[in-house]
Structures are given as C-alpha cells and as structure tokens.
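Sharing a structure below in structure tokens format, with a few things to ask.
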Amino acid sequence: MSLIEIRQAAFRHSGSPVLTNVDFRIDSGEIVTVVGPNGSGKSTLLRGIIGALSPSQGSVVRAEGLRIGYVPQKLHIDPTLPMTVRRFLSLPEKVADDVAEQALERAGAGKLIDRQMAGLSGGQFQRVLLARALLSDPQLLILDEATQGLDQPGSAAFYRQIEDLRRSMGCAVLMVSHELHVVMAASDRVICLNGHICCEGAPEHVASAPEYRALFGSGTQGALALYRHEHNHTHGDGCGHEHDRQTEAAP
Amino acid sequence: MSFLDDFLVRAALAGLGVALAAAPLGCFVVWRRMAYFGDATAHASILGVALALALDLPVFGGVLLVALLMAVTVSAVTGRGYGMDTMLGVMAHSALAFGLVAVSFVPGVRIDLMAYLFGDILAVSKYDLMVIWGGSAMVLGLLWWRWNALLTATLNPDLAYAAGIDPRREQLVLTLALALVVAVAIKVVGVLLIAAMLIIPAATARPFASTPERMTLAAGAVGGVSALGGLQISFSADLPTGPAIVCLAAVLFVLSNLGKALIGR
C-alpha cells in the first residue's frame, strides 16, 4: 500500500497554477528525490503532500494514520525567541528526555541538547531538525532542500546519515534537492519536475532522459558533468515534448 | 466593607490583572514581530469607545468589537497590494481619527478623553475589576490551551502544518487575545500605552531567558512589578499612573540589558 498517492492533481499558488497533472506515489522504504529548476513547483508538491496546500483538482490520499517527519527548507528562528534544543524537540508534542536524547543521537547531534537553537551552526541546525522529524517514528521522512547552506562534505555526511536512518528505521524518504549528483546516487527513484512531472524513474534513466537534459543539460555543467560522462546514451521513451529553455532562468 | 472598597487596592488589582495577561501575549507579539499590530489595534479602539458612548453600550464591549474588527480586517487585507505596515498605518490612524471625531458628536456628555488615551486606573470600580480579571483569565486560558500549537506556528507555518496544526487558526487565537487585552487594558493604561505593556515586559525578560516558558514567566514578573511599583510611585510622587507604570517598565528594560551586557559576553 502506498504511503501517499496523488492522482491527477493540480496545485495553485496565490491564484496561478504551479503544478498540473501530477500523478505521484511513494511506497514504504523508498528513497525518492524530486529535482527541478527554481520555480518548477518542488516545494509546492511537498506542501501538497504534508497538507499545507490543497489540490485545486484531483486528489491527495495519505495512508491511514500516516506519520510524517518533515525537515523544512530553512527555519528562521527569531532571535527574540529563546529556544533550547531540548525545548524545540518537545514542540508540539511533549517527549520524554530519553526519547529526545535518542533522536538526537540518531541524527548525529547527540551533544547539542542544552544549546540555544540560535547559536547552532548550519549543519548542527539541520541535524536538530532531522532529530525532531524522527521523534514521531515516521513512516515517511520529507526533506526540503535540507542541505542548503551546507558545504559539500557537510551535505555528503548529512545524506549518509539519511541512508543509515532508512536502513535502521525502514522509513521512506522523499527529498527535494539541487545537489543532483549527491542526491541522485542515493535514490531509488528520481522525479524531474517542471510545472508537471517531466520524467521519472531510476537515477540513471532520468539523468540521461532528454527532458532532464533539456532542463539541466546546459548551464549547470559542474553538477551534471558526472552523468554526462557516465551515461552518454539517450532513451527514446520520454514524454515527448519540448521545454521552454527560459524556465531555467526563471526565479 | 471589604478590602475592595479601597481605591488603591482596586487599582493595584487592576494593574496586576492587566500585566499578567499582557505579558505572555506580549511575548508572542515580540516573537512574531506584531508590535505595530498591537499598537494599531489599541489605537483603533478609541473608535470603539466613541461608538459605545454614543449608543449607550458598555465601553468594554464597544472596544472589544472594534479591536476585533480591526485585527481581523488587517489580517484579511494584508498581502493584497499593500504591506502589513501600510495597512496598519492606514487603518489604525484613520480609526483613531474617526474615533476622536465621533467622540465630539456624543451629545450632552463631556467625556474625559484623556482617561481613555492615558487610562484612569485610580477610578477602577468593582465592576471594572470584574471585567479586567474576567478578560485576563480568558486570555491566559486561551494561551494556556493553545500554547504548544501557538509556539509551533510561531516557529514556522509549514512545521505546524506537518504536525496537523493550522497556523491561520493560531493567528486568529492571538488576534482574539490581543483584542481582549486591549479591551481590558484601556481603563488601566489607556489606548496610547497598551502596546508598551505588551512589549516592554517581554523585551525586558528576553536577555535572561533560555526557553519560551521562562521568558513568559519573567515577563509576567516584570509586568507585575511595573504595575505595582508604578502605582506606588505615582501615588507618593503625585504622577499620572499609567505613564508611571510604563516608565518603570522602561527603566527595568534598560537595567536588564545593562545587566546582561555586564554579566554576559
């Protein structure tokens, strides 16, 4: 049974259509990555999945009693709000000390429990967010550009942690990222998004799909050179239409 | 008959009642950067005073109604072409102006406008006291009930959604609490100084607090000390009471920050 199943859904953001024709599902234990240029609707899709946004068409079905752990893109904590890591973990549900400590340990943030949130480094902060997401023993862990602002070793270490967690806890992972090469290597399935689902499948398949190349092929040489060398063949079974190159530059 | 017959006792209880409700709400006002929002709601409430007097209704009811309308309208209109601060500026000051004009139309009564602008804590009646403590209890109850949800929504709206909390609903809870505090505080510190009772105790508590709860408790203590101390000072030095309360809170704010600068870092 799928954890989340989206059928023929469309999503709007302040009145204008952002995503159309979305069919999506994620099963237990899967790692799925969503990639796409800025403004392609990645965050909108996640918001639709966590329930912050209702589809204007179609349906979003969550499994009965689905436990979601959500790691937001960035969390700005106002400096006027005092907040220790321990207190943060008890929001909104109070958790016992040993549960909090265990979650921090799992997320690789064991020693931070008494620190102020505002005083943490970027990497420490993301690990605390991850620990909080693990508290509910989630069946589905959702990460929205969770490594934004981390350097490469930092984000690589973070993703290793995610893979370990998937192995030990058996939860499905859904993530959005720009760091294509790091993320895609760890994924079971990749979804390439640009206002709709352009193509999806195994990482190697998507990386070499013409639709994906049309979106990311030029202008992002650094990140994608890797794939261009490894997979220099093309598949002919894409969705068969051209993408407006301008979307790449869209904010 | 009872100790409530002493006007000073009534004043002290009124000040304490307002301070205890304003402090925790003030923390949210500070955390969510709603300071101007609180100010605007308070200013607009003078229109409520005018309407209540004109229609011969209780002032508390009139103020509550206008404060609520103001807060809900601003929440609803914001983001449609104007920034929040612009909308607040337009609505708060026009409501204040309309209120002042409307007051001049109230026939036959020469109402003491100063009493509503700056408060008249020494004239608090037993009935006022009942209204103040009733309103404060409702505000505290509301905040107690929604506490964790409010904190989560304050941290991040999407975090709240993922936990099954609707941040818009929590915003409405705060708006309601704000209108209630404005309505009960008008008698004590007046329209112009309500925002001070919200913000200054919370800001004073910030440097020494490590969790939201401690900040709230400390803010309550600062507010209570300011109310009682301000009343004491105003009585012995013959100063206007509302401003004296706010002055004392401001002095505590300076001391708190000086203390932090000397101890910490």
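The values are calculated or read from the model by the stated rules, or taken from the named source; none is laboratory data. None of the values given here were measured: they were computed from a predicted structure. Note that we place each Cβ from the backbone using ideal geometry, even for glycine, and neighbour counts take in every protein chain shown. For the accessible areas, the whole protein counts, side chains as well, though only heavy atoms, and no ligand, DNA or RNA atoms are used. Shrake-Rupley method; radii C 1.70, N 1.55, O 1.52, S 1.80 Å.
With the requirement that a residue be open to solvent by 40 Å² or more (accessible area, probe 1.4 Å) and more than 19 Å from the chain's Cα centre (by Cα), what does region B:126-157 give you?
Once the filter is applied, which keeps residues that are open to solvent by 40 Å² or more (accessible area, probe 1.4 Å) and more than 19 Å from the chain's Cα centre (by Cα), region B:126-157 yields B:Lys126, B:Tyr127, B:Trp145, B:Asn148, B:Pro157.
Within region A:112-133, is there a residue that is polar (S, T, N, Q) and under 20 Å from B:Leu150 (Cα atoms)?
yes
Name every residue in region A:55-90 that is surrounded by fewer than 21 Cβ atoms within 10 Å (Cβ to Cβ), in a loop (DSSP other than H, G, I, E, B) and of a type outside the set (S, T, N, Q), in order of residue number.
A:Pro55, A:Ala63, A:Glu64, A:Gly65, A:Leu66, A:Arg67, A:Lys74, A:Leu75, A:His76, A:Ile77, A:Asp78, A:Pro79
Before we move on, is B:Arg214 modelled with pLDDT of 90 or more and either away from every other protein chain (no Cβ under 14 Å) or open to solvent by 20 Å² or more (accessible area, probe 1.4 Å) (or both)?
For B:Arg214, the condition - modelled with pLDDT of 90 or more and either away from every other protein chain (no Cβ under 14 Å) or open to solvent by 20 Å² or more (accessible area, probe 1.4 Å) (or both) - is met.
Just checking, how many residues over region A:20-57 are within 14 Å of another protein chain (Cβ to nearest Cβ), over 19 Å from A:Gln8 (Cβ atoms) and touching a helix residue (DSSP H, G or I) at 6+ places or on another chain (Cβ under 6 Å)?
2
Counting just the residues of region B:97-150 that are under 21 Å from B:Leu20 (Cβ atoms) and among the charged types (D, E, K, R), which one comes out modelled with the highest pLDDT?
So, considering only residues that are under 21 Å from B:Leu20 (Cβ atoms) and among the charged types (D, E, K, R), the one modelled with the highest pLDDT is B:Arg146.
Yes or no: B:Leu159 more than 14 Å from chain A (Cβ to nearest Cβ) and farther than 26 Å from B:His93 by Cβ?
So B:Leu159 fails the test.
Now for a different question. Scan B:Ala195, B:Ala237, B:Ala202, B:Ala209 and give me the residue that is surrounded by fewer than 24 Cβ atoms within 10 Å (Cβ to Cβ), among the hydrophobic types (A, V, I, L, M, F, W, C) and under 21 Å from A:Pro79 (Cβ atoms).
After applying the criteria, what remains is B:Ala209.
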